[in-house]
Amino acid sequence: QVRLVESGGGLVQAGGSLRLSCRASGITETIAGMGWYRQGPGKQRDWVASIASSGITNYADSVKGRFTISRDNAKNTVYLQMNSLKPEDTAVYYCNFVPSDGRLWGQGTQVTVSS
């Protein structure tokens, strides 16, 4: 059974940095595309960034230039380096496949950015 577990969230001041991790278990082959998504208070869950097995990355305009997604296929782990954080980045961050699989949403990891 595939399971995705996010970690690395926390409370940080505006301008600070955090690195999120997502470890996938129960997978026997390299995942084609992985992504990070987030859901802010009172908002819908939105796509943030994605990375293909080739390493090609894509970002939402709101995080372009500040966030970097990467992956370690040997560890079945995807990372999200978040720099220059803003209060509007406050959200629960989730990882999932791209396109997302509704069965795999986990608990996410809370990121709170104070002004």
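The values are calculated or read from the model by the stated rules, or taken from the named source; none is laboratory data. All of these numbers come straight from a predicted model, not from anything done at the bench. With ideal geometry, Cβ positions are generated from the backbone for all residues, glycine too; neighbour counts draw on all protein chains shown. Keep in mind that these areas ignore ligands, DNA and RNA; they rest on the heavy atoms of the full protein, side chains included. Shrake-Rupley method; radii C 1.70, N 1.55, O 1.52, S 1.80 Å.
Mind listing just one residue for me: the one in the range 86-101 that is open to solvent by less than 60 Å² (accessible area, probe 1.4 Å) and over 14 Å from the mean Cα position of the chain (by Cα) and, of those, nearest to residue 26 (Cα to Cα)?
Taking the candidates together, the pick is 101.
So, of the residues in the range 7-33 that are over 14 Å from residue 69 (Cα atoms) and part of a strand (DSSP E or B), which turns out to be modelled with the lowest pLDDT?
25
So, in the range 1-17, of the ones that are open to solvent by less than 30 Å² (accessible area, probe 1.4 Å) and of a type outside the set (Asp, Glu), which residue ends up nearest to residue 79 (Cα to Cα)?
Here the residue is 4.
Can you name the condition, by its number, that residue 48 falls short on among (1) within 19 Å of residue 115 (Cβ to Cβ); (2) modelled with pLDDT of 95 or more?
(1)
Search the range 8-25 for residues that are closer than 14 Å to residue 90 by Cβ and pair each with any residue that is part of a loop (DSSP other than H, G, I, E, B) and open to solvent by less than 30 Å² (accessible area, probe 1.4 Å) when their beta-carbon atoms are under 6 Å apart and the residues are at least 6 apart or on different chains.
From the range 8-25, the pairs are 12/85; 16/85.
Give the residue that is nearest to residue 52 (Cα to Cα), with candidates limited to residues of the range 102-115 that are open to solvent by 30 Å² or more (accessible area, probe 1.4 Å) and in a strand (DSSP E or B).
110
Only residues in the range 97-108 that are closer than 14 Å to residue 22 by Cα count as the first member; pair them with residues that are at pLDDT below 90 and β-branched (Val, Ile, Thr), Cβ under 7 angstrom, at least 6 apart or cross-chain, and list the lot.
97/31; 104/2
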